[in-house]
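To start, the structure itself, in structure tokens.
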Amino acid sequence: MTQVRKFGRKSKHNNLILYIAILALVLIFSVTTKNFFSGTNLKAILQSMATLSVLAFGETFILSIGETDISNGAMLSLSPVIFAALYMRDVPFLPALILGILATLALGLLNALVIVKAGLPSFIGTLGVSGVAMGLTRIIANNKPILMEHQGMLKVFGGETAGIPNAVLWMAAMLLIGDFIIRRTRFGRNLLCIGDNREAAMIYGIRINRHVILAFLLDAVFVTTAGFMECCRSTYVTAGVGEALVLNSIVASVIGGTAVSGGRANMVGTFMGALFITIVANGLFMFAISPYLTNIIVGLVIIVVLTGNALMSNREQELKRT
Amino acid sequence: MGGIESEEATDRTDRQADMELVRVENIRKTFGETEVLHGVSLCLHSGEIMGLAGHNGAGKSVLIKIMGGIHKPTEGKIFYEGREVRLQSTKEACQAGFFIVPQELNLARQLSVAENIFIGRKEFVKKKGLVNRRFIHSESKRLLKEYFDIDIDPSMPVGDIDTVMQRLVQVVRCLNGGAKVIVFDETTAGLARHERDILFRHMKILAQKGLGIIFISHMIPEMLEICDTVTALRGGELVGTQPIENLNHNKIVEMIVGQEFVNSNFKKQKPGEEVLLSVKDLHSDNGVLDHISFDVKKGEILGVYGLRNQGQNLMLDMIYGAYKRGSALIEIDGRKVQIRTPGQAVANGLTLLPERGPRTVFYEKSIVENLAVQFTNVKSRSRFVNKKAELRLAEDAVKKFHVRGHSSLNKKLTSLSGGNMQKVLIARSMLVEPEVLMFVEPTQGIDIGAKEEVKSLLLEAAKQGKGVIIITAEIDDIIDICNRAVIIKEGRIKAVIEAAEENRERIIEESTK
């Protein structure tokens with residue numbers, strides 16, 4: 001049989017289109033507006049995408065096993081709220097911080113247990129936990145923004161180092177960690193196997209339940225980090241911040257080449273996906289388009305991009321058929 | 001009176017016998033950059049059962065799909081009953097009488113027999129759009145009785161009736177749709193001997209009634225049994241069409257493989273006396289398996305033979321720890337072992353390779369990854385993925401196991417043909433250096449050359465002193481490479497027979513009685 005022309009691995013191919021699209025957008029916006037291609041604006045883009053990125057990295061782990069976590073947005077503010085509330089009541093720094101982190105991890109564990117023990121589909125299970133998180137954050141914050149008193153936290157997450165916003169540094173760090181785990185560790189490889197074919201993974205000795213639990217705990221770590229990144233930007237911590245980011249965290253992953261059905265994940269792609277969404281929103285902002293209209297446009301763009309993805313994948317399937 | 005009428009009658013049957021049902025001329029098909037069919041022609045006549053043979057990837061499925069309106073040919077003509085057609089859809093093909101029965105069957109398992117037969121037909125609904133339940137039930141009953149002389153309750157969900165019946169229901173659906181040509185695409189894979197016999201009997205009756213049948217299969221003995229002609233494809237080219245009288249097993253193999261293929265003499269190993277695996281009192285909580293006891297000696301290949309769903313798969317799953325609801329006393333190499341998870345099984349030197357498919361293949365992953373997954377998880381000490389080491393492992397394995405057809409080991413496993421995929425999966429099991437290996441249907445659905453290679457690999461493992469258990473529905477596998485055959489029926493071991501040629505009939509009989 002004559003040789004099939006190589007397309008390369010699918011995720012790389014998809015991402016080529018994404019990179020081109022991002023480049024095109026940057027060009028278009030730079031040419032059509034005054035301030036897009038300025039140092040300040042580019043910095044602003046990176047800073048505003050930081051929280052979304054880290055949240056999306058965590059979500060990528062969950063998608064890789066073929067599950068979905070829609071509680072991450074609701075859980076975002078939990079650690080900061082608990083920390084700020086405790087610290088304000090004179091609880092020492094370390095215990096307050098640890099309790100805050102543990103709370104989010106506990107919810108992450110709850111997510112996993114609901115799926116593993118009760119057998120609920122992840123979408124439903126995490127939906128329930130998101131309700132719990134939303135209520136919890138508001139109760140603890142007493143429905144008021146809490147003053148973040150700890151200067152150190154504000155600096156570490158919200159400040160700058162050598163001109164680069166710390167949030168961007170955190171984003172880079174989490175990207176490296178996430179990418180390393182998913183590509184270079186046995187654990188990450190196993191997650192992809194589970195997402196690819198759960199039954200086969202079980203037969204090959206991979207302990208499914210243990211991996212699901214660890215994946216959700218890992219996700220919770222990323223959610224906690226994203227939470228502090230987001231809430232330390234201003235001096236007040238508000239419960240419920242980040243709830244709107246849930247869907248975009250999934251979209252960013254999918255645009256970047258992570259499959260919703262599991263088995264394929266690409267952290268760098270997720271980063272690019274978040275970048276893409278942020279650039280579109282930022283560019284539209286430059287045009288002084290209202291935020292609501294921006295939502296509509298971003299939504300439409302996402303549909304177009306994902307349709308493009310799907311068509312590509314269908315074409316690939318066609319070529320493979322004999 | 002007699003003379004003229006009988007002459008007319010003979011004329012009619014002659015004409016009918018010569019009548020072309022479907023003919024294709026010079027079909028070429030290109031997908032993207034690749035041409036998969038290079039000018040294939042064939043012709044099917046009324047009452048003819050034509051076998052379509054060829055290795056995996058030779059283009060049989062594509063050709064059939066073109067004939068059935070699923071793909072459009074890049075070049076070439078299709079004729080139905082002498083008229084040229086340009087098919088725009090499968091619906092057109094079906095309306096003209098061309099039906100395909102795919103390997104997985106096109107039945108909706110939750111729907112009833114009657115619904116499966118009539119769905120899509122205009123008799124399915126009454127005037128207001130409501131389902132015409134009474135009609136389809138009585139009609140289905142009548143059709144099943146008339147065509148195949150079988151009595152099934154037409155309200156039964158199709159998923160609940162046995163596999164041969166399912167195939168017959170699918171055929172009735174085609175017949176009810178006015179089928180003139182039916183293509184059976186590997187319909188016999190996984191059927192036990194007597195189930196195949198039933199199917200063949202009915203196929204012959206259909207052919208006698210004037211239908212044309214195309215029969216795609218990897219099993220040459222089946223083709224010799226039932227086909228009138230055999231067409232072979234190789235690498236997208238037509239090798240030729242021969243009447244069955246001119247063919248025998250080796251000649252068909254030659255058509256498929258392309259060279260003088262000497263039936264390799266499988267040298268069975270004489271197993272030692274030491275017992276490698278001992279299973280006593282295996283019992284499953286759901287009642288399917290009870291009091292199962294057997295052993296496997298060092299260097300032995302044990303064949304588990306029987307009809308489908310007699311508990312074989314459950315038995316191996318239980319031994320392997322993939323199914324926990326039950327109990328068994330298992331000893332490996334004299335040591336008592338407690339196996340509650342697959343991970344523990346592998347750690348104790350026991351592997352299982354289920355049927356190639358949803359339980360074994362990682363569809364998104366590359367050849368290297370599919371190969372290394374078990375090794376990396378169980379044998380490797382490192383928590384990190386060492387891509388270089390895995391690649392080296394894969395390169396060695398690919399050489400040792402004669403895996404072919406890949407341009408790069410980083411391509412997806414599914415880019416390989418069935419036979420080569422199977423070799424990779426077997427390599428995966430062997431890489432963890434087990435003492436006992438268990439395989440489910442290791443030669444199913446792969447072409448001749450690959451079958452021989454797989455059997456050699458299994459014999460090689462036995463020669464190294466390992467114990468091998470295979471579940472298989474193919475008696476040839478049992479006779480060719482197994483030392484003993486364990487016949488399993490209704491969750492119990494019925495007999496253990498030496499797997500020698502002279503016991504062939506007896507083994508088959510024991511499994512069906």
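The values are calculated or read from the model by the stated rules, or taken from the named source; none is laboratory data. Given the structure is predicted, the values throughout are model-derived calculations rather than measurements. Don't worry about glycine lacking a Cβ; one is built from the backbone with ideal geometry, like all the others, and counts go over all protein chains shown. For accessibility, only protein heavy atoms count, side chains too; no ligands or nucleic acids. Shrake-Rupley method; radii C 1.70, N 1.55, O 1.52, S 1.80 Å.
Just one of B:Val85, B:Val36 is hydrophobic (A, V, I, L, M, F, W, C) and either within 14 Å of chain A (Cβ to nearest Cβ) or closer than 22 Å to B:Pro243 by Cα (or both); which is it?
Exactly one of B:Val85, B:Val36 is hydrophobic (A, V, I, L, M, F, W, C) and either within 14 Å of chain A (Cβ to nearest Cβ) or closer than 22 Å to B:Pro243 by Cα (or both), namely B:Val36.
Across region B:323-333, what is the number of residues that are more than 12 Å from B:His283 (Cβ to Cβ) and open to solvent by less than 20 Å² (accessible area, probe 1.4 Å)?
2
For residues that are within 13 Å of chain A (Cβ to nearest Cβ) and in contact with a strand residue (DSSP E or B) (Cβ under 7 Å, 6 or more places away or on another chain), scanning just region B:410-437, find the one that is nearest to B:Ile332 (Cα to Cα).
The qualifying residue nearest to B:Ile332 (Cα to Cα) is B:Pro434.
Can you name the strands (runs of 3 or more DSSP E) wholly within region B:246-317 that have at least 1 residues being among the hydroxyl-bearing types (Ser, Thr, Tyr), open to solvent by 50 Å² or more (accessible area, probe 1.4 Å) and touching a residue at least 24 places away in the same chain (Cβ under 8 Å)?
Because the criterion is at least 1 residues that are among the hydroxyl-bearing types (Ser, Thr, Tyr), open to solvent by 50 Å² or more (accessible area, probe 1.4 Å) and touching a residue at least 24 places away in the same chain (Cβ under 8 Å), the strands (runs of 3 or more DSSP E) in region B:246-317 that meet it are B:292-297.
Could you pull out the residue among B:Glu460, B:Glu453 that is surrounded by fewer than 21 Cβ atoms within 10 Å (Cβ to Cβ), away from chain A (no Cβ under 11 Å) and part of a helix (DSSP H, G or I)?
Selected residue: B:Glu460, the only one of B:Glu460, B:Glu453 that is surrounded by fewer than 21 Cβ atoms within 10 Å (Cβ to Cβ), away from chain A (no Cβ under 11 Å) and part of a helix (DSSP H, G or I).
Within region A:102-118, can you find the residues that are over 17 Å from A:Leu63 (Cα atoms) and not hydrophobic (A, V, I, L, M, F, W, C)?
Those that are over 17 Å from A:Leu63 (Cα atoms) and not hydrophobic (A, V, I, L, M, F, W, C): A:Thr104, A:Lys117.
In region B:474-513, how many residues are among the hydrophobic types (A, V, I, L, M, F, W, C) and within 15 Å of B:Val454 (Cβ to Cβ)?
3
Within region B:155-167, work out how many residues are open to solvent by less than 40 Å² (accessible area, probe 1.4 Å), at pLDDT 85 or above and aliphatic (A, V, I, L, M).
Selection size over region B:155-167: 2.
Yes/no per residue for (1) within 11 Å of chain A (Cβ to nearest Cβ); (2) of a type outside the set (A, V, I, L, M, F, W, C); (3) assigned to a helix (DSSP H, G or I):
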{"site": "B:Ser327", "(1), (2), (3)": "no, yes, no"}
{"site": "B:Arg340", "(1), (2), (3)": "no, yes, no"}
{"site": "B:Ala345", "(1), (2), (3)": "yes, no, yes"}
{"site": "B:Arg359", "(1), (2), (3)": "yes, yes, no"}
{"site": "B:Glu364", "(1), (2), (3)": "yes, yes, no"}
{"site": "B:Ala372", "(1), (2), (3)": "yes, no, yes"}
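Kindly provide the set of residues from region A:101-115 that are among the β-branched types (Val, Ile, Thr) and open to solvent by less than 30 Å² (accessible area, probe 1.4 Å), ordered by number.
Those that are among the β-branched types (Val, Ile, Thr) and open to solvent by less than 30 Å² (accessible area, probe 1.4 Å): A:Thr104, A:Ile115.
Within region B:112-144, how many residues are touching a strand residue (DSSP E or B) at 6+ places or on another chain (Cβ under 7 Å) and under 10 Å from B:Pro154 (Cα atoms)?
1
Provide a single number: the residues in region B:402-431 that are at pLDDT 90 or above and either open to solvent by less than 20 Å² (accessible area, probe 1.4 Å) or among the charged types (D, E, K, R) (or both).
So the count comes out to 8.
Among the numbered conditions (1) open to solvent by less than 80 Å² (accessible area, probe 1.4 Å); (2) not in a helix (DSSP H, G or I), tell me where B:Gln170 comes up short.
(2)
Kindly list, by first and then second residue, each pair from a residue in region B:355-380 that is touching a residue at least 40 places away in the same chain (Cβ under 8 Å) and open to solvent by 30 Å² or more (accessible area, probe 1.4 Å) to a residue that is among the hydroxyl-bearing types (Ser, Thr, Tyr) and in a loop (DSSP other than H, G, I, E, B), limited to pairs with Cβ atoms under 9 Å and residues at least 6 apart or on different chains.
Going by the 9 Å Cβ cut-off, the qualifying pairs are B:Val378/A:Tyr204.
Scanning for something surrounded by fewer than 16 Cβ atoms within 10 Å (Cβ to Cβ) and closer than 30 Å to A:Thr40 by Cβ, does region A:174-195 turn up at least one residue?
yes
Among the numbered criteria (1) open to solvent by 20 Å² or more (accessible area, probe 1.4 Å); (2) in contact with a Ser or Thr (Cβ under 8 Å, 6 or more places away or on another chain), which single criterion is violated by A:Ala44?
Tallying (1) open to solvent by 20 Å² or more (accessible area, probe 1.4 Å); (2) in contact with a Ser or Thr (Cβ under 8 Å, 6 or more places away or on another chain), A:Ala44 fails exactly one: (2).
So B:Ala232 passes all but one of these: (1) among the small types (Gly, Ala, Ser); (2) modelled with pLDDT of 85 or more; (3) within 19 Å of the chain's Cα centre (by Cα); (4) not in a strand (DSSP E or B). Which condition number does it fail?
So the condition that B:Ala232 fails would be (4).
State whether one or more residues within region B:479-491 are farther than 18 Å from B:Val275 by Cβ, open to solvent by 50 Å² or more (accessible area, probe 1.4 Å) and among the basic types (Lys, Arg).
no
For B:Ala389, all conditions in the list (1) open to solvent by less than 60 Å² (accessible area, probe 1.4 Å); (2) more than 7 Å from every other protein chain (Cβ to nearest Cβ); (3) in contact (Cβ under 8 Å) with a residue 24 or more places away in the chain hold save one; what is the number of the exception?
(3)
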